[in-house]
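Contents: one structure, followed by commentary.
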Amino acid sequence: MNAGNLVTRLDKRRIAMTALFIFAVVLVAISVSLFPLMRKALADREAQRADREVQRIAAKYAKGLTPCVYESSDIDGWLQKYLPGPPTVSIYVMPSFFSPVAVRLVGQDLYYFELNFPLYDIGRTPPPKFDPRGVPTVYHSRVSSEIAQRLPQVLSSDINHAQAVMPQGLDGTTYFFHASPKSCAMTWSPSSGTRAADFVELFNQLARHAKTKDPTELAASEQAILAILKSLQST
């Protein structure tokens, strides 16, 4: 190989290396200049995603439960003496023209109470004094471990996200839902097809389950309860 060819090859290599170096410098410069724009675009995309999630959650719970404007603490404390331990779920129902009823879940033990007697002494000066005049009728059954786990989770989530506006009306039924002593949400005779109506149907199924002794009916109500819980979790 002669000296001229060697020099030519070296010159070509230097030119290629120089071009590659210049390309790398330009690429870095472009990347540095575009980085803030890329970062802003990613931040905007995350913000839009977060906004969509907030809107999705708001839509999900818009027709669900309402934050409690008042609570049934007197009833809760009084019914506790009929239970073997603190409940993981408490539901208290006050119909306008019928006696109150309640559901309590303690572990896998499900209790349904019928309160067919006066609960308050309406004296001459308000407010009425809590003074139950009888002993509740108590029904008891067991639920599956899956229901015992899912039910408090679903109810607690909906109570934490409770934001629906309470319907207006005079006659109807008020439902109070507790997943812990300090968490409460409620609804009042909700419209069918709403998330709140699903919770009313859930209460009805729990009451039916607590009262029945027939194994076939117990199995059917177990499936009905699970179907409601799964639907509430998936929507």
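For this structure, a couple of remarks:
- So Gln233, is it modelled with pLDDT of 95 or more and either open to solvent by 60 Å² or more (accessible area, probe 1.4 Å) or of a type in the set (S, T, N, Q) (or both): no
- Test for Ala185: is it within 20 Å of Pro87 (Cβ to Cβ), in contact (Cβ under 8 Å) with a residue 60 or more places away in the chain, open to solvent by less than 20 Å² (accessible area, probe 1.4 Å) and in a strand (DSSP E or B): yes
- Those residues of the stretch 199-219 which are exposed (fewer than 15 other Cβ atoms within 10 Å of the Cβ) and assigned to a loop (DSSP other than H, G, I, E, B), in sequence order: Lys213, Asp214
- Figure legend. Inter-residue proximity from the stretch 207-235: first residues touching a residue at least 40 places away in the same chain (Cβ under 8 Å), second residues assigned to a helix (DSSP H, G or I) and of a type in the set (Phe, Trp, Tyr), beta-carbon distance below 9 Å, spacing 6+ or different chains. Indicated pairs: Leu232/Phe199.
The values are calculated or read from the model by the stated rules, or taken from the named source; none is laboratory data. Values in this document were obtained by computation on a predicted structure and should not be read as measured data. Please note: Cβ atoms are built from the backbone with ideal geometry, for glycine as well, and neighbour counts cover all protein chains shown. In case anyone asks, the SASA skips ligands and DNA or RNA and just uses the protein heavy atoms, side chains included. Shrake-Rupley method; radii C 1.70, N 1.55, O 1.52, S 1.80 Å.
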